[in-house]
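Notes to accompany the following structure.
The values are calculated or read from the model by the stated rules, or taken from the named source; none is laboratory data. Remember, predicted model here, so these are calculated numbers, not experimental data. Ideal geometry is used to build each Cβ from the backbone, glycine not excepted, and the neighbour counts take in all protein chains shown.
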Amino acid sequence: MDLLIVGSGFFGLTIAERAAAAGRKVTVIDRRHHIGGNAYTENEPTTGIEVHKYGAHLFHTSNATVWEYVNRFTQFTSYVHRVYTTHKGVVYPLPINLGTINQFFQAAYTPGEARDLIQELAGEFDPKQANNLEERAIGLIGRPLYEAFIRDYTAKQWQTDPKELPAEIISRLPVRYTYDNRYFNDTWEGLPVDGYTAWLERMADHPNIEVKLSTDFFDESQQLNKKSTVGQVPIVYTGPVDRYFDYTEGELSWRTLDFEQDVLDIPDFQGTSVMNYADADAPYTRIHEFKHFHPERADRYPTDKTVIVREYSRFATRADEPYYPVNTAEDRAGLLAYRDLAKGEQDVHFGGRLGTYQYLDMHMAIGSALSMWNNHLA
Ligand code: FAD
Ligand code: NA
């Protein structure tokens, strides 16, 4: 073995694929029973509907190198992501755009009129002087839209009143003064034609790559553990950086999600793939309906059943899956200390969202793995 990779998410698999193509012998281990990290999907057994097990994943990028690279392993559908939100029993389009504003104010504002109105409403606070998230949000979009679309949703995401949250959590709240409600602005967007897992498996499908699942790097009862491999073989580590160093510099904090899945005996639950719930009376933040991610599979998917998943957000404990970095001042200080420790680790390369404590979209994880390969490993 020339290279040991801890974690089979997009970061680890990109390194594995590049290394194998360059003739290196690679072993990838993952503590989970499946490949692919958080992008893993599986077909719900009774309906065959593809369900994203760790939250809905939409691929989008403006990076030409990444787009060319990912197209070696999968084709993409023409899916375009759009999100709606329910507030006081009425459905509005997101991100906040001219359609949202005119529906909310029961008006027919032109782009210029809407811009003037929002600017006037936002005058209540100076976002640069904001003492908390609420003041900043009001200073950016005004109180009415904040209270309708941001306040309770944010409180559910953070289990915290936005008055108690630091202003830094949001730097901007984009408002579009057109009716464009495409969720992403990137050049390329789509979903893998035959699913994420097929794409991920193709990346690992090379005679130079061996994948060992249900194998934890910190479990000393298995051979490829930290103690017996560090210093013996080059390692790419994509697990949590604080765990690697046994939490000596403190625990980095994360939010996690809980998912509640139901198979319903109806053709269509909500008419779209993602519906947010803006108000406090719904305990979940959003509901995903997976058949709508693949309208082109209408001939294969059942017409009389659908799969929905309610998503709940909360702070993670050590036993939970870490999803989004909380990124408090304490976390940032801890991260710097871990980065120093990481520099001292002989031939261990820390990467991916857990290894660097950063939210990374898939295209960012892949792009950063390609850079690590080109600059440090090739
Ligand atoms: P991961 O996919 O997390 O892979 C890390 C792997 O390391 C895991 O499989 C884990 O089991 C393994 N591991 C950890 N510790 C150990 C250990 N001790 N031993 C062995 N293995 C270990 N991106 C988008 O582009 N679009 C989206 O719409 C999108 N939606 C998202 C929604 C949610 C809810 C979340 C959380 C993320 C979303 N992402 C999205 C981001 C996407 O999931 C990441 O870009 C991607 O997972 C990054 O890959 P990674 O390899 O860095 O990490
Ligand atoms: Na989101």
Just the residues that are more than 9 Å from ligand 1 (Cβ to nearest atom), crowded, with 19+ Cβ neighbours inside 10 Å and assigned to a strand (DSSP E or B), please, taken from the range 203-238. I209, V211, I235, V236
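Yes or no, residue by residue, for (1) in contact with a Phe, Trp or Tyr (Cβ under 8 Å, 6 or more places away or on another chain); (2) touching a residue at least 60 places away in the same chain (Cβ under 8 Å); (3) aliphatic (A, V, I, L, M); (4) closer than 28 Å to R18 by Cα:
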site: A148; (1), (2), (3), (4): yes, yes, yes, no
site: Q159; (1), (2), (3), (4): yes, yes, no, no
site: R172; (1), (2), (3), (4): no, no, no, no
site: Y177; (1), (2), (3), (4): no, yes, no, no
site: D180; (1), (2), (3), (4): no, yes, no, no
site: F184; (1), (2), (3), (4): no, yes, no, no
site: W199; (1), (2), (3), (4): yes, yes, no, yes
site: M203; (1), (2), (3), (4): yes, yes, yes, yes
Name the residues in the range 27-46 that are in contact (Cβ under 8 Å) with a residue 24 or more places away in the chain and away from ligand 1 (no atom under 11 Å from the Cβ), would you? T27, T41, E42, N43, E44, T46
Within the range 5-34, the residues that are at negative phi and in a loop (DSSP other than H, G, I, E, B) are S8, G9, A22, R24, K25, D30, R31, R32, H33, H34
Which pairs turn up if I take residues in the range 353-378 that are closer than 18 Å to W254 by Cβ and look for partners that are within 8 Å of ligand 1 (Cβ to nearest atom) and of a type in the set (A, V, I, L, M) with beta carbon separation below 6 Å, at least 6 apart in sequence or on another chain? R353/L360
Considering only residues that are within 15 Å of ligand 1 (Cβ to nearest atom) and at pLDDT below 90, which ones fall in the range 320-365? V326, N327
Tell me whether the range 239-251 contains one or more residues that are assigned to a strand (DSSP E or B) and either among the β-branched types (V, I, T) or surrounded by fewer than 17 Cβ atoms within 10 Å (Cβ to Cβ) (or both). no
Tally, over the range 160-171, of residues that are β-branched (V, I, T) and not in a loop (DSSP other than H, G, I, E, B): 1
Is there a residue in the range 281-294 that is more than 17 Å from N43 (Cα to Cα) and surrounded by fewer than 16 Cβ atoms within 10 Å (Cβ to Cβ)? yes
Spans of helices (runs of 4 or more DSSP H) in the range 47-159 with at least 2 residues within 23 Å of the chain's Cα centre (by Cα), of a type in the set (F, W, Y) and within 16 Å of ligand 1 (Cβ to nearest atom): 64-70, 151-158
Hey, Q103 more than 25 Å from I169 (Cβ to Cβ) and either free of Cβ contacts under 8 Å to residues at least 40 places away in the same chain or not β-branched (V, I, T) (or both) or not: yes
Of everything in the range 306-319, what is of a type outside the set (S, T, Y), within 30 Å of P295 (Cα to Cα) and either more than 12 Å from ligand 1 (Cβ to nearest atom) or surrounded by fewer than 16 Cβ atoms within 10 Å (Cβ to Cβ) (or both)? Give them in sequence order. V307, I308, R310
For the range 105-136, name all the residues that are of a type in the set (A, V, I, L, M, F, W, C) and touching a Pro at 6+ places or on another chain (Cβ under 7 Å). L121, L133
Could you tell me which of the residues Y277, Y338 is within 20 Å of F245 (Cβ to Cβ), hydroxyl-bearing (S, T, Y) and in contact with a strand residue (DSSP E or B) (Cβ under 9 Å, 6 or more places away or on another chain)? Y338
Of the residues V236, V307, which single one is in contact with a helix residue (DSSP H, G or I) (Cβ under 7 Å, 6 or more places away or on another chain) and either under 30 Å from L3 (Cβ atoms) or without any contact (Cβ under 8 Å) to a residue 40 or more places away in the chain (or both)? V236
Going by what's in this entry, would D268 be described as closer than 26 Å to H294 by Cα, in contact with a strand residue (DSSP E or B) (Cβ under 7 Å, 6 or more places away or on another chain) and within 12 Å of ligand 1 (Cβ to nearest atom)? no
